[in-house]
1. Given the condition part of a helix (DSSP H, G or I), touching a helix residue (DSSP H, G or I) at 6+ places or on another chain (Cβ under 9 Å) and within 13 Å of the ligand (Cβ to nearest atom), answer yes or no: does some residue in the stretch 180-196 qualify?
2. Please go through the stretch 5-22 and give me each residue that is crowded, with 16+ Cβ neighbours inside 10 Å and closer than 17 Å to residue 111 by Cα, ordered by number.
3. Which pairs do you get when a residue that is outside the structural domain of residue 354 (by TED's automatic domain parsing) and modelled with pLDDT under 90, found in the stretch 306-318, comes within reach of a residue that is within 14 Å of the ligand (Cβ to nearest atom) and assigned to a loop (DSSP other than H, G, I, E, B), reach meaning Cβ atoms under 6 angstrom, with the pair 6+ apart or on two chains?
4. Name the single residue, out of those in the stretch 277-296 being touching a strand residue (DSSP E or B) at 6+ places or on another chain (Cβ under 6 Å) and not in a loop (DSSP other than H, G, I, E, B), that is nearest to residue 311 (Cα to Cα).
5. State yes or no: is residue 118 at pLDDT below 95 and not in a loop (DSSP other than H, G, I, E, B)?
6. Restricting to the stretch 348-364, name every residue that is in contact with a strand residue (DSSP E or B) (Cβ under 7 Å, 6 or more places away or on another chain), more than 15 Å from residue 450 (Cβ to Cβ) and within 16 Å of the ligand (Cβ to nearest atom).
7. Only one of these is within 24 Å of the chain's Cα centre (by Cα), within 13 Å of the ligand (Cβ to nearest atom), more than 23 Å from residue 379 (Cα to Cα) and surrounded by 17 or more Cβ atoms within 10 Å (Cβ to Cβ): 244, 255. Name it.
8. Just to check your reading of the model, which residue among 409, 431, 380, 448 is assigned to a helix (DSSP H, G or I), modelled with pLDDT of 95 or more, within 16 Å of the ligand (Cβ to nearest atom) and under 33 Å from the mean Cα position of the chain (by Cα)?
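The values are calculated or read from the model by the stated rules, or taken from the named source; none is laboratory data. This one's a predicted model, so the numbers in the text were calculated from it and none came from an experiment. We place every Cβ from the backbone using ideal geometry, glycine too, and count neighbours over all the protein chains shown.
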Ligand code: SAH
């Protein structure tokens, strides 16, 4: 982050604006709207700027800029056509440690003006740190369309009732929940529809019984295979409502970052054979935190109910009557298949697919291998990297041909995705040579043949089969 967005209170503050043309006028309009006491320095100013200053009680110092013009200013903006003048303003202001902005010259700025979507008192700022004004405009248009004009009214309504609600619900976490339900629920709808009195009456009624807000809850969320865009909307929404987030190694940092800034994050990661927090302690922790009335999110890689021990985690909650929800996620097999162009089923190649654990609890790879011999079934091995030699050997021993195509998909759906293809006969040597990074998934079956024609992602990293 090159620039930290903060919101400045400029009411009554002196601001120096150097320049009197169109660009300066735009900035003057903005600064005046924020209540600044504006002083403009320029040899000439346009009529609009002159009127703005007259209406807002600002001043115009006619003439060239000099250091003395800074005076009592707490913020300096330069918008002149002369690079030399702009640079001088930048130097003088930064020498006095004053925040300074030279319009359209990011390297001469200690602060920048974000693009603003205004639904006063609600303001949304968008900035690319000066890198792409076009992208910012595009985003701004999207946000404009997404945020109804009446949201400003909703913000004001909430502002007026803050004190009342705080008194009724002194603890922070249930109060936040109350507000979430209020702005998203019937009260919010009433206010957006302009029926504020009714909204207020309903809110007051809801404040009478807030016992449900003090109940802890656990959400077991599928975070998907790595690409943050593959989370569901529901998972995102619940994640943002969490007081506490428990996550492990497979969950991308960008996803953990979607939690609220003030949410507590607890890493309970499990690297293979290195259990940071033993499973029963995780189960117990979920129970304890929820019993304290917290909203706890347990983020799981992929889908919580596919090799995720999600079932074990909620068993204890169910026994203790703690409310929970399980939200599905895109499992690694789905992501690896789609991103590598290997359909898991296909009318010509595979009529079923089987998800198999590549190694078991005790570290062995023990299966009823003769179940896996059907050529028209795709096999997907999770956690199969270490067991790969055993998997390839056993499959061949139990009826799969040695030239059965196989693919290893490394870090599926991330920018580091790599697909290594071979056959049951060659895969062990290829993988030995290529040294893939975890997590990896192994897909076995005729469908792997489609990879060459259907892959579009990570192709250049492919191992030449
Ligand atoms: N619940 C998870 C699976 C957890 S088991 C899910 O539904 O995806 C962990 C195994 O998942 C890893 O050993 C690996 O085999 C697989 N895996 C998870 N994410 C992966 C990814 N991005 N690419 C390849 N394999 C992945």
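1. No: zero hits.
2. The initial filter retains those residues of the stretch 5-22 that are crowded, with 16+ Cβ neighbours inside 10 Å, namely 10, 13-20.
Scanning the stretch 5-22 gives 10, 13, 14, 15, 16, 17, 18.
3. Listed pairs, sorted by first residue: 310/304.
4. We begin by selecting, within the stretch 277-296, every residue touching a strand residue (DSSP E or B) at 6+ places or on another chain (Cβ under 6 Å); these are 286, 289-290, 294-296.
With the extra rule that they be not in a loop (DSSP other than H, G, I, E, B), the set shrinks to 286, 289-290, 295-296.
Details: 286: 13, 289: 18, 290: 17, 295: 19, 296: 16 Å.
Checked the stretch 277-296; the qualifying residue nearest to residue 311 (Cα to Cα) is 286.
5. Details: at pLDDT below 95: yes; not in a loop (DSSP other than H, G, I, E, B): yes.
The answer is yes for residue 118.
6. Within the stretch 348-364, 354, 355, 356, 357, 358 qualify.
7. Numbers: 244 fails: within 13 Å of the ligand (Cβ to nearest atom).
After ruling out the rest, the residue left standing is 255.
8. Working: 409 fails: assigned to a helix (DSSP H, G or I); 431 fails: under 33 Å from the mean Cα position of the chain (by Cα); 380 fails: assigned to a helix (DSSP H, G or I).
Testing whether each residue is assigned to a helix (DSSP H, G or I), modelled with pLDDT of 95 or more, within 16 Å of the ligand (Cβ to nearest atom) and under 33 Å from the mean Cα position of the chain (by Cα) leaves just 448.
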